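Undergrad: I am attaching a structure below and will ask some questions about it afterwards.
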Amino acid sequence: MTMDRQAHRPIDSDFDDGEIERRLAVTWCARSGFWGGVATVDHKTIAQRYVSTAFIFLVLGGVLALAMRLQLSQPEARFISADRYNQIFTMHGTNMMFLFAVPVMEAMAVYLVPLMVGTRNIAFPRLNAFSYWIYLFGGILLWLAFALDTAPDVGWFAYVPLAGPQYGPGKRTDLWAQMITFTEVAALAVAVEVVVTVFKQRAPGMSLDRIPVLVWAMLVMSFIVILAMPAIMFGSSTLILDRLVGTQFYNPAKGGDALLWQHLFWFFGHPEVYIIFLPAVGMVSTILPTFVGRPLFGYLWLVMALITTGVLSFGLWVHHMFVVGLPRVGESFFTASSMSIAVPAGIQIFCWLATLWSGRPVFKTPLLFVLGFIVTFVMGGLTGVMVASVPFDTQVHDTYFVVAHFHYVLIGGAVFPLVGAIYYWFPKMTGRMMSERLGQLAFWLIFVGFHLTFFPMHMLGLWGMPRRIYTYQPELPWSGLNLFVSLSSIILALGFVVFFIDALRSFRSGPAAGPNPWGASTLEWATASPPPSYNFRRIPVVRSRNPLSDDVKDLSTAAGLRTDRRELLVTSVVEALPEARESSPRDSVWPFWSAIATSIMLIWSIFSPWAVIWGSIPVAIALIGWFWPKGTPEDES
């Protein structure tokens, strides 16, 4: 028997396929039972928890949206009080942006990136587990506050001085600020994991010019997270210091600056749009070639457009602040940069249209959602160019025109591709197919319901209806359109009901999918559906951008990894040449306990600044348990 000379242990080339699978299944499997589930560090399991939790928050946020539409369906309605309405619209925006949109896109990265680059687990898998628990506890904190009638009521943007200690007494804004800390810690952790996985764990031969477009999109998204989210973390931390400790960061009377909050928030807030949008671009660029029967047109142009969008996204934030009295020269610069980002978006649209034009489209449900995305996002992009102009934005600022615009961009630019991606990768995640009949019904209900709901809001905005009002006078010309919008939102909600019914039914009893039901060409389809705990029996070797375009049996593989411990292949950044073998950590409950200790400290600090000192003790104990040497390379990683 051939042995690993360094460790004197058997390697995968010593055994046939069946024996390798048996050994790897023992080495990589999670422990059974409740604590086994808590301790798992399998990226697929954690990603599925992320996705499921994010969609639960989507449902809750949708219920809040329907409640707002009920209140606005007629003038002077009294279904919801003014205070509760303020909590609801704050919860809706905060929930959708911080608990659904960003986490669900990162969750798709956690699931798909290791499979698409041909590795057995994500980098820093225990950090990955920790990020999920922190995200979950932060979401529970926010919704528990809502259930106790102490939810934040200052908007998802929490502008000062409204959110400051003078005008926002109580703990509502403190809960919002601390929830931001929870979600941003989780997002930053995932971003670091994705960057390291893409740069150092790609399959041999997957050079930079062979990385799938979706992986490029997730990589650019991760860099935006790393560069943008410290701004909102600093902002929320200084806000809570102003409120709890008496600092004066945002108090102009004491030398602070109220506009500093807007700069910090929107320096994060506008790149956040692209944190959500860029993964959707990658999903579209992956789904489209599969259903048109030809390789993606303009691969290099699409990758460069992704990178350009990521860079330009940091030069747009002031177009949210055109009415605050900034210098005209500065406003002109941000108008130009806001309009220039339409160029890479246009390149992406033209590449997709060229792919469609030169292929033979098969109009399955995933492709329908891609086409719906293209139509909707183009419309949202056109209104985006409009509000990037200072004179026009001055007229429609804080009206329902802006509400319509950002829903076209965020739902059209993220939710349509995401639902299409769920239909596309559901067979990979579960081993079962979703219903084509129900999928097409869900698409048309969502597509028609969306446009009937949000397009009329442009007209409401042009007619002067402001945002964030909970009622209006009957003599104003808004009641008819508001009733129409509220009724149309029911159609949109029914579309998502059909989607969720289809997903739940298919998860339990959908037809078996097989390894590659769509005939796709990316690496995640080179393994079983659902994938085993170790992802790949042998690490694939990549020789083109479409490694499965030929018969899967012709896919080359690499050998040399051990079968008796969790081991990953480390490759070079540019050419993906094998460099080393690295141990991957085993399952551990310490990320869970660390998340609980961190959550206790953060929640306690809302009520006492001494929590940072005393609460750090259990955090330190949990981290010591996490990193204490266990005697094996996997446990010491």
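Quick note: the coordinates plus some simple rules give every number you see, no bench work behind them. Only a predicted model underlies this, so the values are computations on that prediction, with no experimental measurement involved. With ideal geometry, Cβ positions are generated from the backbone for all residues, glycine too; neighbour counts draw on all protein chains shown.
Undergrad: What are the radius of gyration and Dmax of region 159-244, computed over its Cα atoms and given in Å?
TA: 18.2, 60
Undergrad: A further question follows. In nm, give the distance between the simple-model label positions of LEU326 and LEU148, each being 7 Å from the Cα along the Cα-to-Cβ direction.
TA: 3.8 nm
Undergrad: Fewest Cβ neighbours within 10 Å first, please rank ASP149, ASP16 accordingly.
TA: By the 10 Å Cβ count, ascending: ASP16, ASP149.
Undergrad: Starting from the 7 Å offset along Cα-to-Cβ, what nm value, one decimal, do you get for the label separation of ALA25 and LEU487?
TA: Output for this residue pair reads 5.8 nm.
Undergrad: Computed over the Cα atoms of region 1-149, what is the convex hull's projected area averaged over all directions, in nm²? Please report the intermediate quantities before stating the final value.
TA: Working: hull surface 49.7 nm².
Average of the hull's projected areas for region 1-149 equals 12.4 nm².
Undergrad: Could I ask something else about it? Report, ordered by chain and residue number, the aspartates and glutamates lying within cross-link reach of LYS630, taken as a straight Cα distance under 19 Å and ignoring same-chain residues fewer than 8 apart.
TA: Those aspartates and glutamates meeting the cut-off are ASP564, GLU567, GLU582, ASP587.
Undergrad: Next question, about the same structure. Under 5 Å between amide hydrogens, which residues at least 5 positions from SER583 or on another chain qualify, with H placed 1.01 Å from N in the peptide plane?
TA: Close amide H contacts, sequence-distant or interchain: LEU568.
Undergrad: Looking at the chain, which longest stretch skips every one of the chymotrypsin sites (Phe, Trp or Tyr not before Pro) that is in a DSSP loop with at most 15 other Cβ atoms within 10 Å, leaving the sites themselves out?
TA: Free of exposed loop sites, the longest segment is 168-362.
Undergrad: Here's another thing I want to ask about it. Just add up the charged neighbours of VAL292: K/R +1, D/E -1, any other residue whose Cβ is under 12 Å from the Cβ of VAL292.
TA: +3
Undergrad: Tally Lys and Arg at +1 and Asp and Glu at -1 over the other residues with C-beta under 11 Å from the C-beta of ARG22: what net charge comes out?
TA: Net of charged neighbours comes to -2.
Undergrad: Now a separate question. VAL541's amide H: which non-local residues (gap 5+, or another chain) put their own amide H closer than 5 Å, with H modeled 1.01 Å from N in plane and none for Pro or chain starts?
TA: Those lying under 5 Å, H to H, from VAL541 are SER556, THR557, ALA558.
Undergrad: Still on this model: Using the Karplus curve 6.51 cos²θ - 1.76 cosθ + 1.60 with θ = phi - 60°, work out ³J(HN,Hα) for each residue of region 220-227 in order, rounded to whole Hz, and write x for Gly and Pro.
TA: Going residue by residue, I get 5, 4, 5, 5, 5, 4, 5, 8 Hz, with x marking Gly and Pro.
Undergrad: Additional query: Can you work out ³J(HN,Hα) from phi for every residue in region 247-256, in order, using Karplus 6.51 cos²θ - 1.76 cosθ + 1.60 and θ = phi - 60°, giving whole Hz and x for Gly and Pro?
TA: Calculated HN-Hα couplings, in order: 5, 10, 4, 10, 9, x, 5, 10, x, x Hz.
Undergrad: I need the phi-derived Karplus couplings for region 78-83: 6.51 cos²θ - 1.76 cosθ + 1.60, θ = phi - 60°, integer Hz, Gly and Pro marked x.
TA: So the J values, rounded to whole Hz, are 10, 5, 10, 6, 4, 5.
Undergrad: Per the helix-only calculation at 222 nm, which mean residue ellipticity applies to the chain, given -39500 (n - 2.57) for every DSSP H run of n ≥ 4 and division by its residues, nearest 500 deg cm²/dmol?
TA: -20500 deg cm²/dmol
Undergrad: Same structure, new question: Write down the radius of gyration of the chain and its Dmax, each obtained from C-alpha positions, in Å.
TA: 24.9, 88
Undergrad: Within straight cross-link reach of LYS428, meaning Cα distance under 25 Å, which lysines are found once same-chain residues fewer than 8 apart are removed?
TA: Cross-link targets: LYS44, LYS200, LYS364, LYS553.
Undergrad: Only counting other Cβ atoms within 10 Å, I'd like ARG545, ARG294, ARG78 sorted with the fewest neighbours first.
TA: Going from sparsest to densest Cβ surroundings: ARG78, ARG294, ARG545.
Undergrad: On a 0 to 90° scale, report how tilted helix 365-387 is relative to the longest principal axis of the chain, with both axes built from alpha carbons and the result rounded to the nearest 10.
TA: Value to nearest ten degrees: 40.
Undergrad: A further question on this structure: Scattering from the C-alpha atoms of region 557-637 alone, worked out with Debye: what is log10 I(q)/I(0) at q = 0.16, 0.26 1/Å?
TA: At q = 0.16, 0.26 Å⁻¹ the computed log10 ratios are -0.73, -1.13.
Undergrad: Okay, next question. How much length is gained on full extension from ILE501 to PHE455, taking 0.36 nm per residue of separation minus their Cα-Cα distance?
TA: Details: separation 46, 0.36 × 46 = 16.56 nm, distance 2.70 nm.
Gain on extension, ILE501 to PHE455, equals 13.9 nm.
Undergrad: In addition: Distance in nm between label sites at VAL362 and SER340, each 7 Å beyond Cα in the beta-carbon direction?
TA: Going from the VAL362 label point to the SER340 one covers 4.3 nm.
Undergrad: How charged is the neighbourhood of TRP317? Take every other residue with its Cβ under 15 Å from the Cβ of TRP317, and add Lys/Arg as +1 and Asp/Glu as -1.
TA: That sum, taken over residues with Cβ under 15 Å, equals -3.
Undergrad: A further question follows. Ratio to report: Rg/Rh of region 507-623, with Cα atoms as the point set and Rh obtained by the Kirkwood method; give two decimals.
TA: Over the Cα atoms of region 507-623, Rg/Rh equals 1.18.
Undergrad: Quick one: length gained pulling ARG565 to THR471 fully straight, 0.36 nm per residue minus the C-alpha distance?
TA: My answer for the length gained is 27.6 nm.
Undergrad: Rounded to whole Å and sorted largest first, list the principal axis extents of the Cα atoms in region 446-590.
TA: Principal-axis extents of the Cα atoms in region 446-590, largest first: 77, 38, 36 Å.
Undergrad: With 10 angstrom as the radius, rank GLU579, GLU21, GLU567 by how many other C-beta atoms surround their C-beta, starting from the fewest. Walk me through the intermediate numbers first.
TA: Numbers: GLU579 12, GLU21 16, GLU567 22.
Ascending number of Cβ neighbours within 10 Å: GLU579, GLU21, GLU567.
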